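Every number here is computed from the coordinates shown, using simple stated rules; none is lab data. Every value quoted in this text rests on a predicted model; they were computed, and no experiment measured them. As a convention, Cβ positions derive from the backbone with ideal geometry for all residues, glycine included, and neighbour counts pool all protein chains shown.
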Amino acid sequence: MNEFGNTKRVRRSARIIVLDAQHRALMFRFDVPGRPPFWVTAGGECEAGESYIAAARRELLEETGINADPGPEIARTTPEFVTVEGEPVQADERYFMVRVEHSAIDTSRHTPLEQAVMTRHRWFTLAELSAWHEALFPENLAEMIALHTAT
């Protein structure tokens, strides 16, 4: 048993909410064979011994080309899901928020698996996040952003 009360492997991951100057959130579309397409924030699994903040910084650079301080952790989710490799896991996801002035993204550091399944990216307004026709994760992303960007 893990700390979540099940026998699944705990997948520690850092997720980064990237907001541009127009207050839009960067999302990546995953097209995994045999599954409906879905969109997620930048980020990924922590390496062995890697802190969430270090993973956030590394994943941000690898997936977007942005070299920035991810700032403090703003949220945590613990969903159960099946990875793109087909493994059922118990996730422990920590969220960080980064604001950028420009919306240019560099995906040249994507791994071969990311190149195969991360088929596109786009910037979503908060209204689009709330009404998008395909699955978006985390499902409460628009609310999460609103909560942490209120003035």
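As a size descriptor, the averaged projected area of the C-alpha convex hull of the range 1-148 was calculated at 8.8 nm². Shown in residue order for the range 85-96 are the 3J(HN,Hα) couplings computed by the Karplus curve 6.51 cos²θ - 1.76 cosθ + 1.60 at θ = phi - 60°: 7, x, 8, x, 9, 9, 8, 10, 9, 10, 10, 10 Hz (x for Gly and Pro).
If you plug the beta carbon distance of Arg122 and Asp69 into 1/(1 + (r/R0)^6) with R0 = 25 Å, you get a FRET efficiency near 0.55. Simple point charges give the picture: +1 on the Cβ of Lys and Arg, -1 on the Cβ of Asp and Glu, and for the chain a dipole about the Cα centre of about 80 debye.
Using the count of nearby Cβ atoms within 10 Å as a rough guide to exposure, how do Met118, Met1 rank from fewest to most? The partial results should precede the final answer.
On the way: Met118 20, Met1 7.
Ordered from fewest to most neighbouring Cβ atoms within 10 Å, Met118, Met1 come out as Met1, Met118.
Shown here for the range 67-119: trypsin sites (Lys or Arg not before Pro) in loop regions (DSSP other than H, G, I, E, B) with at most 16 other Cβ atoms within 10 Å, namely Arg109. Compared with the dominant principal axis of the Cα atoms in the chain, helix 52-64 is inclined by about 60°.
Under the rule a/c < 1.5 gives rounded, and otherwise a/b versus b/c splits prolate from oblate, where does the range 1-67 land using the Cα gyration tensor? Oblate is the answer for the range 1-67, as a/c is 1.5 or above yet b/c matches or exceeds a/b.
Filter the GluC sites (Glu not before Pro) in the range 63-141 down to the DSSP loop ones having no more than 16 other Cβ atoms within 10 Å, then list what survives.
Within the range 63-141, the qualifying GluC sites (Glu not before Pro) (loop, at most 16 other Cβ atoms within 10 Å) are Glu85, Glu101, Glu134, Glu139.
Mind checking the range 1-95 for chymotrypsin sites (Phe, Trp or Tyr not before Pro) that DSSP puts in a loop (not H, G, I, E or B) and that have at most 13 other Cβ atoms within 10 Å? Hits after loop and neighbour filter: Phe4.
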